[in-house]
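Comments concern the structure below.
Every number here is computed from the coordinates shown, using simple stated rules; none is lab data. On a predicted model such as this, the values are computed, not experimentally measured, just so you know. Methodologically, a virtual Cβ is constructed for each residue, glycine included, from the backbone with ideal geometry; neighbour enumeration extends over all protein chains shown.
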Amino acid sequence: MFKYINMPTLVAFYLKEFSLRSDGEISNLYKFIFCLCLPFVSNTFYKARMFALSIAECTQSKQQITLLLEKITGATITFEEYTDSFMCGMTHMTDGSSTPIAYNIQESFGVEEDAIVTFNPVPNAGNLVVKLNSCTKEQFNSYANLLIPFYTNFKINYTL
């Protein structure tokens, strides 16, 4: 797990030794190092660093990727996975018999009393429908390439 480092405190800690000259004035070395460290304590750097840490900590679950992309880019995202209209029935044993009962493949999404499982002909594939609110396609693609796993095949469709 990555630990957050408070950059202003770190900069202040390391600059203590360079801060004062013998006459009580601030040294030129302190001013120079302070100018070099100033970008690290800015809000822009803090925001970019938090985005990088959250991307590094992100697991490869669909929900976490969606929430993180929405938080970073401000876009609205929905996954449309490729699913077939078939439902595979499950087999189970009856109480008094030793032979399993198999339910045939059904061609509708009708409600049945028996347990049924959707059949997905292409795993880890589908469409990613993105509504851009405050970012560009290039910005969204750069974050999506970092977060969406390489073994998936999601096509990104942009809407207005």
Once the in-chain neighbours fewer than 8 apart are removed, the lysines whose Cα is under 28 Å from LYS31 read LYS16, LYS47
What net charge do the residues around VAL130 carry, taking every other residue with its C-beta under 15 Å from that of VAL130, with Lys and Arg at +1 and Asp and Glu at -1? +2
Going Cα to Cα from LYS62, which lysines come in below 16 Å? Please leave out same-chain ones fewer than 8 positions away. LYS71, LYS155
Kindly provide the Kirkwood hydrodynamic radius of region 1-57 in Å, to one decimal, from all pairs of distinct alpha carbon atoms. 12.9
